[in-house]
Structures are given as C-alpha cells and as structure tokens.
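Nothing in this text is a laboratory measurement; each read-out follows from the coordinates by a stated rule. What you see is a predicted model, and the numbers here were worked out from it, not measured in a lab. As a convention, Cβ positions derive from the backbone with ideal geometry for all residues, glycine included, and neighbour counts pool all protein chains shown.
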DNA sequence: TCAAAAACTTTTCGCGCGTAAAAATAAATT
DNA sequence: AATTTATTTTTACGCGCGAAAAGTTTTTGA
C-alpha cells in the first residue's frame with residue numbers, strides 16, 4: 001500500500017477519483033454501483049487500505065450490520081460450539097457478530113439485552129437462560145429487535161424459535177434402552193434452569209407409558225450451571241439411598257450424565273452394556289466431550305449444524321422482512337450408540 | 001420513568017437543569033462532577049432512563065471504554081472459563097468487554113486484531129494462537145494498542161505477559177509422580193499449537209534429569225484443537241506399539257490426558273494408583289472437566305483467578321500509563337491429586 | 001471575609017459519515 | 001440520433017457527541 005494516509009472517506013473518494021456519496025454507497029452495498037466504479041474503488045482499496053469509521057457509519061445508519069449472539073452460559077462447550085457455528089455463518093453473510101454470555105445470571109441477561117439495544121443490531125440470536133429469564137424483558141426486546149430464539153423456548157407467544165424436538169429425544173432413547181435391556185429411570189435436576197428439561201421428562205414418561213412401563217424419576221438437588229457436580233452429588237446420593245431400582249439410567253442431559261458417571265466410578269460401579277457391568281447410563285445432547293467419557297456416553301445428538309444454519313437463515317429472512325415471524329422449527333435427534341448403554 | 005422521550009444529551013441536560021458538557025463530563029467519569037450535580041443527574045436518570053449514544057460517544061473520544069478479549073479457541077472450556085473471569089472483571093471496572101475467538105485460525109486472528117483496531121479499544125487482553133500466530137501482526141498490534149498477553153507467550157520482545165510458569169508445572173508433577181511410583185514418560189502433540197507445550201516438555205526433561213531419571217517423550221500426530229481426539233488416537237497407537245515403557249504417563253495438558261484416558265479405556269487398561277491398576281495418568285491445567293474424568297484426573301492447576309486478576313489489573317495500569325510495559329509475570333501451579341495418579 | 005481554587009456553564013467548533021434532492025453525466029434503448 | 005433510464009456528482013444538512021477556551025458561579029481555606 002502507498003503512504004499518504006487516508007483519514008476519511010472524503011480523502012479516499014479523492015484518490016479513487018469519485019465522489020464521497022458514491023463511495024459511501026459502495027460500502028453500504030458493493031453491488032449497488034456500476035461494475036467499473038466498483039473496480040476503481042477496489043483498486044484504490046488495495047493501495048490505501050482505508051476502512052470507514054465504524055462509529056460514524058453506525059451513528060446515522062438506520063440499520064447496522066451488527067448481529068448479537070447471546071447464550072446463557074458460554075463455559076458450557078455446547079453453547080461455545082453452537083456460538084462458534086453461528087458466529088461464522090454471520091461473518092460469511094457480511095455481518096458483524098458480537099458474542100455475549102449471561103453467565104447464568106438473569107440480571108446480566110437483561111443488561112446484555114439493554115446494551116444490545118444501543119448497538120442498533122440488525123438482528124439478534126438469543127438462547128435465553130430459561131426458567132429464570134425475565135420473560136417480559138425478552139418479550140419486549142423481541143418486539144423491538146428482530147430476534148430468533150434458539151435452544152430454549154420461553155413461554156411467550158409469537159416468538160420465532162429454532163431448536164430441538166425434546167420429547168422426540170426422550171422417546172428415541174427410551175425406545176432404544178427398552179429394546180436392549182431394562183427400562184430406564186430418569187435422572188434430572190430438581191430445578192432445571194432450562195425448560196427443555198421439562199419436555200424431556202414428559203417425553204420420557206409418555207414413552208415409558210406407551211411401552212407399558214412404569215416411569216421413575218430421580219431428581220438431584222442443586223442450583224446453577226455446574227451440572228457435572230450436581231450430577232455427581234445427586235448420583236452418589238441416589239445410588240447410596242437405593243433410588244436407582246433399575247440397571248439403566250437416562251439422564252436429562254450429557255453434562256449431568258458425565259457427573260453421574262463420576263458418581264458411579266466413585267461408588268465402584270462398572271458402567272456399560274457388557275456382562276460385567278452393573279449399570280447402563282445414557283445422556284441427551286451429544287455434548288462435545290461425551291465421546292471421551294469413560295465409558296463413552298450413549299446419547300441423543302442435537303443437530304448443531306441444522307439448528308445454527310436455520311437460525312441464521314431465519315434471522316436474515318426476518319431482517320429482510322420476508323419471514324412469517326412467530327414460527328417454531330424443531331429438529332429431531334439422532335441416536336448415538338456408544339459403550340455406556 | 002416519565003414519558004417525554006429524551007432524544008439526546010442536550011435534552012437530557014435540559015431536564016436535569018444542567019448544561020450538556022457537564023452531563024457529558026458525568027458520563028465520562030461520574031466522580032468528576034460535584035456530588036450535588038451528580039445527584040441531580042442520577043435523579044434525572046431514574047426518571048428518564050436516557051443513555052448516551054454509544055456510537056457518537058466513541059467517534060470523538062480519543063480513548064473509548066472498550067476492551068477486547070481475544071482467545072484462540074472458545075470451545076475449549078479453559079478459555080471459556082478464563083474469558084468469563086476477565087469479562088466480569090472488566091465490567092466491574094466500568095469497561096465494555098467484547099469477546100472474540102480466533103477459532104484456531106491465524107487468518108481469523110488477524111481479522112480480529114484488524115477489526116479491533118477500528119473499535120479504538122482502550123486496551124486488549126490477548127491470548128494468541130501461539131505457533132501459527134502471525135507474530136509480526138501481533139507485534140505491530142501491541143505497538144499500537146495497549147495489550148496484555150496471557151496464557152501463551154509469543155516470542156516477541158517487549159510485550160507484557162501474564163501466565164503460568166510452565167517449567168514449574170512439569171517439575172512439580174514429575175517430582176510427585178517419581179516420589180509415589182515409577183518415573184513418568186511424557187505424552188504430547190507432535191506439533192503443539194501452543195508454545196507452553198514446549199516449555200512443559202523441557203521442564204519435564206530437566207526435572208527427570210535432576211532426579212537421575214531418563215526422560216522419554218511420546219508424540220501424537222494430529223493438527224488442530226481437537227486435543228481429546230488427538231490424545232485418544234495417539235494414546236491408542238502408543239499403547240499398541242509398546243511405546244509406553246513405564247506405568248506412568250504425564251500428559252502435556254488435561255485435554256490430551258482425557259483423550260488418553262479414553263484410549264486406555266478402549267484398550268481395557270485400568271487407570272489409577274491402586275494395586276489393580278495398570279497405568280497412572282496425569283495432566284496439566286486443571287481443566288474444568290478433569291475432575292469428572294473417570295478416574296478423576298490428577299493434574300497441576302493453573303491459577304485462573306490470579307492470572308485473570310493480574311492480567312486485568314496490569315492492563316488498566318498500562319492504560320493509565322503507570323506501568324512498566326514489557327514485564328512478564330508467571331504464576332506457579334498447584335498440585336491437584338485425584339485418582340488417576 | 002476575601003482571594004484562590006475548583007466546579008460549572010456557555011460558546012463554538014469539528015468528527016466522519018448517512019441521506020436527500022437536484023443537476024449532470026453516462027449507458028441502454030428504440 | 002434522440003429518448004429513456006441508470007449512475008454519479010454536487011450541494012447541503014444533520015446525527016449526537018467530544019473538546020477547548022473563556023467566562024461565571026460555588027466552594028475552600030486561611
């Protein structure tokens with residue numbers, strides 16, 4: 001690149017031999033100018049590496065190219081993974097994603113929505129905290145800003161949602177477990193932070209009843225997002241108190257299951273579907289680390305790809321204005337058979 | 001809050017009975033105005049919930065309140081956890097952190113630094129990718145923007161760094177392992193993405209030699225950030241080919257160790273320090289999930305708290321101008337004894 | 001009580017860009 | 001070649017705020 005530092009769009013327009021409004025138009029949408037003009041701008045861009053001031057741009061634009069991605073807890077690899085996916089799709093579409101984590105705190109979730117407003121985002125991809133979310137705040141936010149919810153469906157009508165068909169998850173794995181061994185009991189958190197948990201429990205109960213089995217639910221104490229620890233403690237207690245009256249345990253999610261596996265290890269119980277094993281354990285989600293649990297965890301995989309793809313596509317359609325807002329799309333889970341069950 | 005919508009600082013200054021520059025000064029630093037004035041502004045703030053336009057603010061401020069946090073791979077819970085920690089400390093200090101992940105891609109790392117520049121951040125907390133980073137780009141960036149590096153020290157003089165004393169990590173765990181059983185071999189990636197790995201290997205070799213033992217390094221093939229899979233494959237191969245000639249394996253990091261544990265499970269080897277165990281396995285980092293491995297992983301804990309605290313403190317001192325730039329601070333590791341070794 | 005210091009107000013300017021309307025130019029069509 | 005249509009230029013204004021300078025009020029301290 002040449003030397004003479006370009007200070008603003010005026011100077012850049014000068015060196016490319018065009019007027020500032022034309023250059024401005026180019027940056028707004030490169031396809032909106034004549035190809036020959038575009039070529040001249042891009043040639044000048046090569047030589048001078050000018051970039052429009054992002055603050056001045058966003059100050060006057062009615063619609064920015066900002067996209068907010070909000071997850072409830074980023075230290076959960078599930079959300080880290082799906083956030084990564086969403087982020088890259090937004091970048092590919094020419095948007096500027098910004099990632100936020102509520103860190104499990106509803107007050108922080110509200111703060112994020114607040115500061116997101118002032119960023120005038122074109123749209124927001126939001127996975128709410130769930131049970132503890134401030135539903136009215138979310139509803140109000142969605143009314144103001146084009147938003148697609150994912151992962152966790154909150155109980156507010158008229159919102160656009162992309163996620164998994166949780167009852168189907170439970171049905172799928174219950175059928176598999178019953179087909180290959182004893183019917184499972186269900187292990188979950190007493191106060192799950194996520195409404196998906198309730199749907200999974202109901203799915204489990206219905207699936208069991210359809211098969212003529214008696215459902216049995218075990219509930220672990222504990223608040224917060226340290227699911228492994230809750231699973232370990234609750235699992236240890238359930239095992240010690242004899243609450244587990246079958247040799248098969250279906251956990252509400254993989255992180256809980258990983259904690260339960262630790263409890264089994266500590267209790268000296270061998271987990272798996274072999275002859276010498278005392279217990280079968282299954283999870284739900286196909287968490288990134290489930291494959292490396294010992295034994296590797298049998299689970300129902302969420303379709304990360306499909307969810308993130310559709311969430312982003314839907315958001316851009318809502319932004320463009322050609323989408324029927326308020327639709328829900330649910331993806332089915334896929335059975336992932338490993339050693340644990 | 002009352003109705004009359006406040007459109008800008010002018011109007012807000014009017015309703016609070018002050019002049020705009022005074023209000024502007026308040027938002028820049030609430031303590032810079034007289035307490036009585038501050039009270040009036042905050043009273044008006046209660047009633048009208050006005051917030052300054054963030055774009056207009058940052059456009060003219062020489063120094064914004066933005067802080068960039070850049071990590072190499074956010075789907076690694078280690079980075080997710082430390083990012084969370086850093087983020088909350090920045091917020092507490094009145095800054096606006098923005099989180100970025102390079103997703104293991106050096107090109108993306110450069111893009112992030114580029115777009116970070118245009119955000120005029122007050123400072124940046126940067127954990128570089130390491131080996132594959134564009135060192136010249138990082139050096140140039142650090143010269144332009146107050147930056148504190150953490151986790152991974154790149155080989156550029158004069159940069160401020162906060163991290164762990166990696167040789168000490170290796171020494172600590174080698175001494176422990178030798179004291180309680182056979183001397184360990186060292187299991188690492190052939191082409192580690194992170195320079196810490198090299199320091200840990202050297203630390204291992206020196207610690208072994210000091211104890212009069214012969215070091216033995218096993219190296220797993222594989223690129224990228226899927227450390228568990230690399231550890232599993234490499235571990236399976238090392239076990240199958242008889243490369244592991246001692247009953248104790250020290251892994252370069254916990255994620256690799258978790259993969260190695262999976263390889264052991266698949267090979268039917270019982271891991272732990274009991275009589276009936278075939279192998280002891282140890283890691284380094286105290287990864288959030290190591291406690292829930294089966295068996296729970298013995299490891300050396302990084303001092304997340306201390307690192308993130310000092311990194312943020314140092315950054316703010318650099319920003320304030322009263323810090324000797326170019327200093328490195330290394331924290332010692334703490335031995336965490338669990339069942340695996 | 002009075003002068004000095006501190007805090008505040010007013011005035012004025014500018015940042016870098018979006019946007020709109022009218023005028024000028026170029027390209028496409030007949 | 002004349003007309004229509006698409007682009008670009010010109011001109012002008014505004015966004016919401018930061019910053020500096022000069023004047024005014026309030027507080028401080030001896």
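May I ask you to work out the translational diffusion coefficient for the protein assembly as shown at 10 °C, viscosity 1.306 mPa s, via Stokes-Einstein with Rh from the Kirkwood sum over Cα pairs, reported in whole µm²/s? It diffuses with D of about 58 µm²/s by this estimate. Taking other C-beta atoms within 10 angstrom as a stand-in for reagent exposure, A:189, B:57 fall in the order B:57, A:189, fewest first. Spin-label model, residue B:327 to residue B:47: label points 7 Å out along the Cα-to-beta-carbon direction sit 4.8 nm apart. Between copies, residue B:175 shows label-point distances of 5.9 nm, shortest first, with the point placed 7 angstrom from Cα along Cα to C-beta. Sorted from nearest, the other copies put their residue B:275 label points 2.6 nm away, the label point being 7 Å from Cα in the direction of Cβ.
The mean number of Cβ atoms from other chains found within 10 Å of a Cβ in peptide A:113-122 is 2, as a whole number.
Rounded to the nearest 0.05, the FRET efficiency derived from the C-beta distance between residue A:241 and residue A:335 at R0 = 35 Å is 0.70.
Compared with the dominant principal axis of the Cα atoms in chain A, helix A:77-92 is inclined by about 20°. The base-10 log of I(q)/I(0) for segment A:147-237, evaluated at q = 0.11, 0.13, 0.20 Å⁻¹, reads -0.37, -0.51, -1.02 [Debye formula, identical scatterers on Cα atoms, solvent excluded]. Remark: B:65, A:140 ranked as A:140, B:65, counting other beta-carbon atoms within 10 Å and listing the fewest first.
All alpha carbon pair distances within segment B:252-291 were sorted into 10 Å bins beginning at 0; the resulting P(r) in whole percents reads 31, 52, 17.
Rounded to the nearest 0.05, the FRET efficiency derived from the C-beta distance between residue A:10 and residue A:31 at R0 = 25 Å is 0.60.
Considered as an equivalent ellipsoid built on the Cα gyration tensor, segment A:9-52 has semi-axes of 14, 11, 9 Å, the largest given first. Plainly put, the tip 7 Å out from Cα toward Cβ on residue A:211 is 5.0 nm from that tip on each other copy, the closest given first. Peptide B:74-84 has a mean of 5 when you count, residue by residue, the C-beta atoms of other protein chains within 10 Å of its C-beta. Which shape class applies to segment B:194-341: rounded if a/c is under 1.5, otherwise prolate when a/b exceeds b/c and oblate if not, where a ≥ b ≥ c are the square roots of the Cα gyration tensor eigenvalues? Note, shape of segment B:194-341 comes out prolate.
Based on the Cβ-Cβ distance of residue B:140 and residue A:267, what FRET efficiency does E = 1/(1 + (r/R0)^6) give at R0 = 51 Å, to the nearest 0.05?
The value I calculate is 0.35.
Angle check, please: helix B:254-266 long axis (alpha carbons) against the longest principal axis of chain B (alpha carbons), in degrees 0 to 90, nearest 10. Value to nearest ten degrees: 40.
Here the residues A:266, A:42, ranked from fewest to most Cβ neighbours within 10 Å of their Cβ, fall in the order A:42, A:266.
According to the Cα gyration tensor, what semi-axes, each the square root of 5 times an eigenvalue, does the equivalent ellipsoid of segment B:42-87 have, listed from largest to smallest in whole Å?
32, 16, 8
Calculated [222 nm] ellipticity per residue, helices only, for chain A: -14000 deg cm²/dmol; basis is -39500 (n - 2.57) per DSSP H run with n ≥ 4, divided by all residues, nearest 500.
For segment A:289-341, the equivalent ellipsoid derived from the Cα gyration tensor has semi-axes of 34, 10, 6 Å, listed largest first. The label-point distance for residue A:22 and residue A:191, in a model that sets each label 7 Å from Cα toward Cβ, rounds to 6.5 nm.
In the calculated pair-distance distribution of segment B:241-324, the portion above 22 angstrom amounts to 41 percent of the Cα-Cα pairs. Counting only the Cα atoms, chain A fills a convex hull of 155 Å³ per residue. Along the Cα-to-Cβ line of residue A:221, 7 Å from the Cα, sits a label point; which residues in segment A:175-204 have backbone N less than 19 Å from it? Correct set: A:187-193. Taking the longest Cα principal axis of chain B as reference, the axis of helix B:135-144 is set at about 30 degrees. Here the convex hull built on the C-alpha positions of segment A:155-207 has a volume of 83 cubic angstrom per residue.
Each label was represented as a point 7 Å from its Cα along the Cα-to-Cβ direction; for residue A:63 and residue B:60 these points are 3.0 nm apart.
Over segment B:9-52, calculate the relative contact order: mean separation of alpha carbon pairs under 8 Å at least 6 apart, over the residue count, as a percent.
Numbers: 26 pairs, mean separation 15.3, N = 44.
RCO, segment B:9-52: 35 percent.
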